[in-house]
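One structure is given here, and the rest of the page talks about it.
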Amino acid sequence: MKRRWLLFAVLALGVTMTFATAARSASAWKALISARFPDVRWVDAETLEGWMSGSEKGELVLLDVRNSEEQEVSQLQGAQYLDPVHPDIAALRIPEHATVVVYCSVGYRSAAVIDDLERAGIQNVYNLQGGLFDWANHDRPIYRGEERVEAVHPLNRFWGLLLRKDRRAAQ
């Protein structure tokens with residue numbers, strides 16, 4: 001049901017914007033995802049960069065909720081992997097007062113996991129606006145382990161259209 005809702009939203013958005021324009025607009029995706037998950041708090045990439053540099057927000061935990069194949073291609077430096085289908089929230093190492101940022105490709109899967117995290121009592125949780133796709137499309141750093149890389153797993157041909165061609169990993 002969730003997938004059908006998202007597909008309908010993408011088609012509805014296409015009526016007023018071309019797919020290429022809408023696809024690369026983090027604010028357009030945020031609006032669609034917020035309609036389904038209205039209580040999720042968001043963080044934009046610029047703010048997250050500040051948090052990652054340690055200049056603000058104290059302790060930071062990054063959670064990558066893409067599937068393992070996606071995560072193996074690239075991720076934000078220092079991110080912990082959390083299975084989006086069967087999240088083992090009890091196994092996470094999250095300090096009590098940490099700021100938690102969850103991300104996936106565009107923000108939908110991460111928004112769903114944020115609901116689970118908050119029900120489990122984890123506070124101060126944010127969704128990365130535009131997800132890893134928007135992050136990479138704006139030439140922000142992504143890594144495979146400690147190595148800086150340029151490509152992101154496109155998930156599939158449809159979702160890969162949201163990534164710049166030079167950012168799409170080969171499938």
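The values are calculated or read from the model by the stated rules, or taken from the named source; none is laboratory data. Computed from a predicted model, the values in this text were never measured in an experiment. A quick note on method: Cβ atoms are made from the backbone with ideal geometry, for glycine too, and the neighbour counts reach across all protein chains shown.
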Within segment 106-131, tally of residues that are farther than 14 Å from LEU48 by Cα and touching a strand residue (DSSP E or B) at 6+ places or on another chain (Cβ under 8 Å): 8
Whichever residue in segment 72-109 is in contact (Cβ under 8 Å) with a residue 60 or more places away in the chain and not hydrophobic (A, V, I, L, M, F, W, C) and, among such residues, is farthest from GLY160 (Cα to Cα): GLN77
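Let's see how each residue does on (1) under 16 Å from the mean Cα position of the chain (by Cα); (2) surrounded by fewer than 15 Cβ atoms within 10 Å (Cβ to Cβ); (3) at pLDDT 55 or above:
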{"site": "MET1", "(1), (2), (3)": "no, yes, no"}
{"site": "LYS30", "(1), (2), (3)": "yes, no, yes"}
{"site": "ILE33", "(1), (2), (3)": "yes, no, yes"}
{"site": "GLU46", "(1), (2), (3)": "yes, yes, yes"}
Pairs only if they're at least six apart or on different chains, beta carbon under 9 angstrom, first in segment 158-171 and closer than 15 Å to GLU69 by Cβ, second of a type in the set (S, T, N, Q); list them, first residue then second. TRP159/SER105; GLY160/GLN171; ALA169/SER74; GLN171/ASN156
Within segment 48-63, considering residues that are modelled with pLDDT of 95 or more and out of contact with any Ser or Thr (no Cβ under 9 Å at 6 or more places or on another chain), the one nearest to PRO84 (Cα to Cα): LEU62
Per-region count, segment 58-74, residues out of contact with any helix residue (DSSP H, G or I) (no Cβ under 7 Å at 6 or more places or on another chain), not charged (D, E, K, R) and not in a helix (DSSP H, G or I): 6
